[in-house]
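To keep things clear, I will list the structure first and then write my remarks on it.
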Amino acid sequence: SLILVLAICLIWFVANRALSRLNAVRIETVTAAGNSTADFDGRLRVVTYNIAHGRGLANDNWQAGDKQTQLSRLDEIAAVLRDARADIVILNEADFDAVWISGVNQAHYIAEKAGFRFVAEQRNYDMAIPFASLRWGNAILSRRPIVNARCVNFAPLATWERIVAGHKKGLLCEIRLDEDSVIRVFGVHLDTRSEETRIQAVEQIETVRSESKSPLILAGDMNTGPLGFPHGSGSLAVHLE
């Protein structure tokens, strides 16, 4: 009956939200094309890229075309990263399991195509019912081993949103460049809707920076611009010592 179906969906949804904290961050090794583990030569090329769910110029994710069209866009993104000879890539708005792209893990797909063997993913949003999931967030792709990763939990815009769907957070990784060198890479995607929420996030970022004993690279979509910048997401007025 309809009531039974709705009850199953509700139980599934609640259970997924309850378990989402345990699944918020993962480190994986993928089969990558090309030479993904070349010796570190003392230089790093770091790229940050908000891929917007791979939707291209579509107005929303549901209008992004069929699966093959969407995969062709991911192929183009991978080609850009290969051509840039990037060593580390911070992705924002990467789908890990989304019904609008048939469950393709975009971070893994791009990593395989662009030659990145190591992937860390961090879910900002994580919702699911039977046969339909919406999971996306930040990812870090690296040619060097990712030895540790954790989620930095920023303050949400609204408590109800955090409970029901999730909210924007940060992905902090330790990457081993060689036997003697480890750096930290902090991928972030700040909230576009509230300057106060962005400032709170930046204050947490500064705490991470001040406590870091290794070199720290901060990169991502800050969703902010200078005062008066046309069509921007608003300024970010905060002073860091």
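The values are calculated or read from the model by the stated rules, or taken from the named source; none is laboratory data. Just so it is clear, the model here is predicted, and its values are computed rather than measured. FYI the Cβ positions are ideal-geometry reconstructions off the backbone, even for glycines, and counts take in every protein chain you see. Each accessible area value is taken on the protein alone, full model and side chains, heavy atoms only, with ligands, DNA and RNA left out. Shrake-Rupley method; radii C 1.70, N 1.55, O 1.52, S 1.80 Å.
Mind checking whether some residue in region 183-202 is touching an Asp or Glu at 6+ places or on another chain (Cβ under 9 Å), of a type in the set (D, E, K, R) and open to solvent by less than 30 Å² (accessible area, probe 1.4 Å)? Checked against the condition, which is being touching an Asp or Glu at 6+ places or on another chain (Cβ under 9 Å), of a type in the set (D, E, K, R) and open to solvent by less than 30 Å² (accessible area, probe 1.4 Å), region 183-202 yields at least one hit. If you go through region 153-187, how many residues are out of contact with any Leu (no Cβ under 8 Å at 6 or more places or on another chain), of a type outside the set (Ser, Thr, Tyr) and not in a loop (DSSP other than H, G, I, E, B)? Selection size over region 153-187: 14.
Taking residues in region 131-152 that are under 22 Å from ASP97 (Cβ atoms) and modelled with pLDDT under 95, and partners anywhere that are among the β-branched types (Val, Ile, Thr) and open to solvent by 20 Å² or more (accessible area, probe 1.4 Å), the pairs with Cβ atoms closer than 6 Å and at least 6 places apart or on different chains are ALA132/VAL99.
Which pairs do you get when a residue that is without any contact (Cβ under 8 Å) to a residue 40 or more places away in the chain, found in region 49-71, comes within reach of a residue that is among the β-branched types (Val, Ile, Thr) and in a loop (DSSP other than H, G, I, E, B), reach meaning Cβ atoms under 9 angstrom, with the pair 6+ apart or on two chains? That search, which allows pairs on different chains as well, returns LYS67/VAL104; GLN70/VAL104; LEU71/VAL104. Specify the residue that is least open to solvent (accessible area, probe 1.4 Å); the eligible residues are those in region 141-175 that are out of contact with any Gly (no Cβ under 9 Å at 6 or more places or on another chain) and of a type in the set (S, T, N, Q). Result: SER142.
Please tell me if TRP12 is touching a Pro at 6+ places or on another chain (Cβ under 6 Å) and over 30 Å from ASP87 (Cα atoms). Yes.
Yes or no, residue by residue, for (1) over 16 Å from the mean Cα position of the chain (by Cα); (2) farther than 19 Å from ASN92 by Cβ; (3) free of Cβ contacts under 8 Å to residues at least 12 places away in the same chain:
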site: VAL164; (1), (2), (3): yes, yes, no
site: GLU174; (1), (2), (3): no, yes, no
site: SER181; (1), (2), (3): yes, yes, no
site: ARG184; (1), (2), (3): no, no, no
site: THR192; (1), (2), (3): no, no, no
site: PRO215; (1), (2), (3): yes, yes, no
